[in-house]
Amino acid sequence: MNYLIRKGWRPIAVLLLLFILWEIIVKITKVPDWLLPAPTMIINEIISGWTSFYPDLVSTAKIAVEGFLVGTTVGLVVAVSLHLVPWIRDSVYPLLILSQNVPIIVLAPLLVIWFGFGLLPKIIVITLTCFFPITVAALDGFKQVPYAHKHYMLMAGAGKSQMFWKLEWPYALPSVFSGLKISATYSVMGAVISEWLGAEKGIGVYMTLASSSFRTDKVFVAILSIMVLSLLFFAVIVAAEKYFIRWQSKGGTME
Amino acid sequence: MSHLLVDHIVKNFGPNEVLSDLSFSIEKEEFVTIIGPSGSGKSTIFNLIGGIMTPEKGVIQLEGNNIIGKRGSISFMPQTPSLLPWRTVLQNVLLGAELQGKKDRDKAIEMLHKAGLTDYVHARPEELSGGMKQRVAFIRALLSPQSLICLDEPFSALDELTRLEMQKWLLSIWEDYRRTVLFVTHSIEEALFLSDRIIVISAKPTRVAAEFKVPFKRPRDESLFLDDKFLKWKRTVTYSLKNVGSEKDGDANRRTYPFRSI
Ligand SMILES: Nc1ncnc2c1ncn2[C@@H]1O[C@H](COP(=O)(O)OP(=O)(O)O)[C@@H](O)[C@H]1O
Ligand SMILES: [Mg+2]
């Protein structure tokens, strides 16, 4: 916690300064509220609209977590099968990269046509946005296992599964966590996009309603909440990383 | 029956002829050192015995059983310690045994005590010095259940002083826990100080160029390095190693010098 305060005060100070500047400019130039609301107005909206906004926030957080879990599982399964079965790697990896070039926005309507408006297309959207960083990071981690370590394990008679569980998986874990950090933040974005496909609740729905009724202050509340959620997810992954990977604390390759 | 028998081994990497008709054997609880020019195929010999490569021709037997292509029949200590950074020292020394499914935690702790690593049993490898890491790697090899230990230039990355310490340490541990050892080194002094027998191999294509039985009594200590007899032996081995680079015809050069210094 001390560490956080020591490291965190600078960006917080900059942010505060920015808000003050923003407030002053809005007050002086008298920009209309629907164009750019002042920070105080946004804060007011957060406080007064909290009870009606809260269910949206929870709904998005929930679906983001679900999507993230599915996406992580898919990402890891893909990475491990690509790593363990060379012919799958050669034939599927290029396709995976290609799949990342299809914009989710374009894919979303298709998913609705195929799977309706339920939970499934939403989970698919989030999975598509978050599995790839995990797959790439894990594959990278597997590849970085030093030859000397593998050589020792082979000479000592390690089988394929021992090689994986005792060497490759633990060695790749820090990389996997780098991927998880990226995916965790992506999952919130993915959740919001998935809600645009049609949902009853969620930040995505709230945002659409707000912008179509020119409630710009509410749009900012939505943006802010997305940022806070992403940060929260990120923090959870960092905490998990600290718990699971204590051995690299001195290595300096992590932050 | 020899503990390890390597008979008429041929190994090529494509057009690169590395081992040509290599033969030697090791007796039970013998400490044998292979010494030869860099690139002559010393590590390749280990890879063949360890079963991660297969020879074009020849026989490799451990206690009479064919071990060509069979991994896990020997215990190994590499040049770099290759300790797993997420494991503690204790978990690391147990790795070799764990891969074979037979861990003995109490024995591991006892050996770490004997090795002077009492304070580091639960430390991670990053906290150890180079010499300590190699001790851990050697204990890992000793705790592995296989009967033959192969060491591939284990001390060559250490500085001179640490290396001498490690050689003395290795001898004392080995005298307590006698095992059959096949050791590879660049250093003639190291070979003479440690081994019962030295096998000199030629440059590529590699075969055995000379064999020496080392006559010094055990237990040995570092005063041996200054012994006249030791220096004479050093000259002899140096001379035989100098010759191997150029000569091509095999058996004519293969000489054995049993219990005789020149
Ligand atoms: N995996 C391999 N593939 C191709 N060539 C190899 C391989 N391993 C070793 N060699 C070749 O075999 C020769 C001997 O190598 P090595 O056994 O490492 O020598 P040493 O350990 O005596 O220094 C070298 O010429 C090297 O290029
Ligand atoms: Mg070598």
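The values are calculated or read from the model by the stated rules, or taken from the named source; none is laboratory data. Since the structure is predicted, the reported quantities are computational estimates derived from the model, not experimental observations. Backbone-built Cβ (ideal geometry, glycine too); neighbour counts: all protein chains shown. The accessibility values were calculated without ligands, DNA or RNA, using every heavy atom of the protein model including side chains. Shrake-Rupley method; radii C 1.70, N 1.55, O 1.52, S 1.80 Å.
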- Message: Checking residue B:213 against (1) touching a Pro at 6+ places or on another chain (Cβ under 7 Å); (2) away from ligand 2 (no atom under 16 Å from the Cβ); (3) open to solvent by less than 20 Å² (accessible area, probe 1.4 Å): exactly one of these is not met. Which one?
- Response: (3)
- Regarding residue A:166, is this residue out of contact with any Phe, Trp or Tyr (no Cβ under 6 Å at 6 or more places or on another chain) and touching a residue at least 24 places away in the same chain (Cβ under 8 Å)? no
- Query: Which members of the stretch B:25-47 meet the condition of being under 11 Å from residue B:3 (Cα atoms) and either open to solvent by less than 50 Å² (accessible area, probe 1.4 Å) or within 15 Å of ligand 2 (Cβ to nearest atom) (or both)?
  - Reply: B:25, B:26, B:30
- Message: For the stretch A:122-220, give me every one of the helices (runs of 4 or more DSSP H) that falls completely inside it and has 2 or more residues that are within 14 Å of chain B (Cβ to nearest Cβ) and either open to solvent by 10 Å² or more (accessible area, probe 1.4 Å) or at pLDDT below 90 (or both).
- Response: A:147-155, A:169-196
- Message: With the requirement that a residue be open to solvent by 10 Å² or more (accessible area, probe 1.4 Å) and within 16 Å of ligand 1 (Cβ to nearest atom), what does the stretch B:169-189 give you?
- Response: B:186, B:187, B:188
- Task: Read through the list (1) over 30 Å from residue B:215 (Cα atoms); (2) touching a residue at least 60 places away in the same chain (Cβ under 8 Å), then give the number of the only condition that residue B:102 fails.
- Result: (2)
- Applying the selection to the stretch B:100-110, what residues are out of contact with any Leu (no Cβ under 9 Å at 6 or more places or on another chain) and under 10 Å from residue B:145 (Cα atoms)? B:100, B:101, B:102
- Message: Can you find, within the stretch B:48-95, the residue that is nearest to residue A:165 (Cα to Cα) among those that are open to solvent by 60 Å² or more (accessible area, probe 1.4 Å) and facing another protein chain (nearest Cβ under 7 Å)?
- Response: B:71
- In this structure, does residue B:114 turn out to be modelled with pLDDT under 90, more than 22 Å from the chain's Cα centre (by Cα) and either away from every other protein chain (no Cβ under 12 Å) or within 20 Å of residue B:158 (Cα to Cα) (or both)? no
- Collect the residues in the stretch B:137-163 that are within 16 Å of ligand 1 (Cβ to nearest atom) and either under 9 Å from residue B:75 (Cα atoms) or aliphatic (A, V, I, L, M) (or both), keeping them in residue-number order. B:150, B:151, B:157
